[in-house]
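One structure below.
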Amino acid sequence: MRVLAWRAAVLVGLLGAWELWAGRQDPLLYIPPSKIVPALGRLLALETYPSLPEHLGLTVVEVLVAYGLAVALGLGLGFLLGLPRHLGEIYEPILSGLYAIPSVVWYPSLMLFFGLGPASKIAFGFLLGFFPVVLAVLAGIRSVDRHLLTVARALGAGPGACFVKVVLPGMTATLLAGLRAGLALTLVGVLVGEVLGARAGLGYLINYAYGLLRTADYAALAALALVLVVLIDGAAAVVEARARRWTG
Amino acid sequence: MSLPPIEVRDLSKRWVTRDGSVPALEGISLTVAAHEFLTVLGPSGCGKSTLLSIIGGLVRPDAGEVRIGGEPTDGPDPRKVAMVFQDPGLFPWRTALENVEFGLELQGVSAARRREIARGLLGPVGLRGFEKRYPRELSGGMKQRVAIARALALDSPILLMDEPFGALDEQTRLLMGEWLLGIWTATRKTVVFVTHSLQEAIVLSQRIVVMTARPGRIKASFEVGLPSPRDLASAEATVLRGRLWAEIREESRRAFEVEP
């Protein structure tokens, strides 16, 4: 309770400071919170951008498709490389190295391949979400206690039963963390892709408002993006906690 | 069906390591009679665990063979052989009860029957009321009792135990030994028990074989004719302890010296 009270106090203090400071600056560049709230109201009332729902919907669809691909391919490749131990040892440094390259350097080539439409955003979101998933699968498989596999074999478990009853539950925590990180990064990838060049989507609107120096709208849209991120990550956190409890 | 004994013939095994291959076992032969409680005693690193893993079908020997009830082994066969390790190896995502059920699950025993068997095993090992606990909520001795209950659930005639009480404190260790003897008396299983503790070997076994330092061979075999319950302070026990120590002392020193 006291922590909550302190958090609220810090937040109010920051907003107050922002308000006081921004009020004395160029209103074209610096927006105080008191102007964002009405801008957000007009945005949600669909006054400023009547097509906001379509843009938002497109962004969500792009995220879902990109994440679906990232999970499917990440899990597939991860298990393919991770289950035979030596293959995992060969490929993991390569994957980690690719992951370490700032992904945004791939974006121009993705635009060339996939154009300005949703495909390039999906590709970029996939690219960002894929690596945490595949690396989590490899790390998860490696984190399984070898002794538990020996025990399972002694109790009569063949390769299939070892996988289902020991490897999968043993790697759940690592895997879930990777899946959640992948989702957050997919979302970032799609939004960044839309901001850098698109014809529709939430990121496109942000870039559009920014380009026209509609700073209050821009800030309101950014707040909306924040809400979207928090909602999606919150949902993922709930799923993760459930799954964790379920697997002990 | 009569309980099948274990026959080990001319077993050899080398472990391949980064620095070349190390002989773990060399020409081991051993026969265990039905219902016998045999202890394998040896210095650390003498290949006792390797021997047990080969008997259990977890490791393939380079040469020689193991016959269980007259049939050569080909991989783990939980219907004949159950194993207990020094590290209990409980599945952390399963409750005590679910851990005990693991082997039965693999054999396709129905959920209701499994539960009944597992409950019936946890009661006598003093874990009534702990069925729903997860391994992290249990003490070291309790964990090992769950692991033993899990092995007993297979209802196999042979029980292989690899330093099962090695990680426990002295008092718990003694109590667990007594408890195990009770189980053995009640079930009449054939037990092969690996330890490096003279005391444990004397208290538990009908027969003790001493292994040499690496590569492991059988050095000596002792029938323990002491009445039970065994009194470690008795004259006979002291004499036996002295003879065992004489056999194992030299091996321990050798193992000590080759230790890197």
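The values are calculated or read from the model by the stated rules, or taken from the named source; none is laboratory data. Small disclaimer: the values here were computed from a predicted structure and weren't measured. No Cβ is skipped: glycine too gets one built from the backbone with ideal geometry, and neighbour counts run over all protein chains shown.
Here are some notes:
- So A:L20, is it loosely packed, with under 11 Cβ neighbours inside 10 Å, touching a residue at least 40 places away in the same chain (Cβ under 8 Å) and farther than 14 Å from A:A220 by Cα: no
- Hey, B:A237 over 20 Å from the mean Cα position of the chain (by Cα) and either more than 21 Å from B:V192 (Cα to Cα) or not in a loop (DSSP other than H, G, I, E, B) (or both) or not: yes
- Filter result (more than 11 Å from chain B (Cβ to nearest Cβ) and at pLDDT below 90) within the stretch A:153-173: A:P159
- Just one of the listed residues (A:R214, A:R180) is over 13 Å from the mean Cα position of the chain (by Cα) and surrounded by fewer than 22 Cβ atoms within 10 Å (Cβ to Cβ), and it is A:R214.
Condition check ((1) touching a Pro at 6+ places or on another chain (Cβ under 8 Å); (2) surrounded by 15 or more Cβ atoms within 10 Å (Cβ to Cβ)) across all residues:
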{"site": "B:T31", "(1), (2)": "yes, no"}
{"site": "B:P43", "(1), (2)": "no, yes"}
{"site": "B:G57", "(1), (2)": "yes, yes"}
{"site": "B:I68", "(1), (2)": "yes, yes"}
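- In the stretch A:47-77, residue farthest from the chain's Cα centre (by Cα) [restricted to those that are among the charged types (D, E, K, R) and assigned to a helix (DSSP H, G or I)]: A:E54
- Taking (1) polar (S, T, N, Q); (2) within 24 Å of B:E163 (Cα to Cα); (3) outside the structural domain of B:E26 (by TED's automatic domain parsing) in turn, B:T50 satisfies each apart from (3).
- Selection over the stretch A:84-117 of residues that are among the small types (G, A, S) and without any contact (Cβ under 8 Å) to a residue 40 or more places away in the chain gives a count of 5.
- In the stretch B:186-214, the residues that are aromatic (F, W, Y) form Cβ pairs under 6 Å with partners that are at pLDDT 90 or above and in a strand (DSSP E or B), at six or more places apart or across chains, as follows: B:F193/B:T39; B:F193/B:M161.
- Filter result for the condition that a residue is under 30 Å from B:D169 (Cβ atoms) and touching a residue at least 60 places away in the same chain (Cβ under 8 Å), over B:L127, B:L51: B:L51
- Hey, A:G125 within 20 Å of the chain's Cα centre (by Cα) and either surrounded by 24 or more Cβ atoms within 10 Å (Cβ to Cβ) or within 14 Å of another protein chain (Cβ to nearest Cβ) (or both) or not: yes
- The listed residue being under 26 Å from B:M142 (Cα atoms), of a type in the set (A, V, I, L, M) and at pLDDT below 90, out of B:V100, B:V22, B:V125: B:V125
- In the set (1) of a type outside the set (S, T, N, Q); (2) over 17 Å from the mean Cα position of the chain (by Cα); (3) crowded, with 23+ Cβ neighbours inside 10 Å, the condition left unmet by B:R119 is number (3).
- Filter result (within 14 Å of another protein chain (Cβ to nearest Cβ) and either outside any helix (DSSP H, G or I) or of a type in the set (A, V, I, L, M) (or both)) within the stretch A:129-152: A:V144, A:D145, A:L148, A:L149, A:V151, A:A152
- Those helices (runs of 4 or more DSSP H) lying entirely in the stretch B:73-155 with at least 1 residues touching an Asp or Glu at 6+ places or on another chain (Cβ under 7 Å) and away from chain A (no Cβ under 11 Å): B:96-106, B:111-122
- The residues of the stretch B:49-72 that are away from chain A (no Cβ under 11 Å), touching a Lys or Arg at 6+ places or on another chain (Cβ under 7 Å) and either closer than 26 Å to B:V16 by Cα or not hydrophobic (A, V, I, L, M, F, W, C) (or both), listed by number, are B:T50, B:I54, B:P61, B:D62, B:G64, B:E65, B:G69.
- Test: residue in the stretch A:202-210 that is in a helix (DSSP H, G or I), crowded, with 23+ Cβ neighbours inside 10 Å, within 11 Å of chain B (Cβ to nearest Cβ) and modelled with pLDDT of 90 or more: no
- From the list B:V8, B:V22, B:V16, B:V40, the one residue that fits, being under 15 Å from B:L159 (Cα atoms) and in a strand (DSSP E or B), is B:V40.
- Among the residues making up the stretch A:78-128, those that are under 23 Å from A:V60 (Cα atoms) and assigned to a loop (DSSP other than H, G, I, E, B) are A:G115, A:L116, A:G117.
- Any chance A:P32 is under 18 Å from A:A209 (Cα atoms), at pLDDT below 90 and over 29 Å from the mean Cα position of the chain (by Cα): no
- One residue stands out in the stretch A:153-162 among those that are in a helix (DSSP H, G or I) and touching a helix residue (DSSP H, G or I) at 6+ places or on another chain (Cβ under 8 Å): the one that is farthest from B:F85 (Cα to Cα), namely A:A161.
- Any hit, the stretch A:163-184, residues being assigned to a helix (DSSP H, G or I), of a type in the set (V, I, T) and under 24 Å from A:I122 (Cβ atoms): no
- Residue count for the stretch B:124-149 satisfying the condition of being within 18 Å of A:A152 (Cβ to Cβ) and more than 14 Å from the chain's Cα centre (by Cα): 4.
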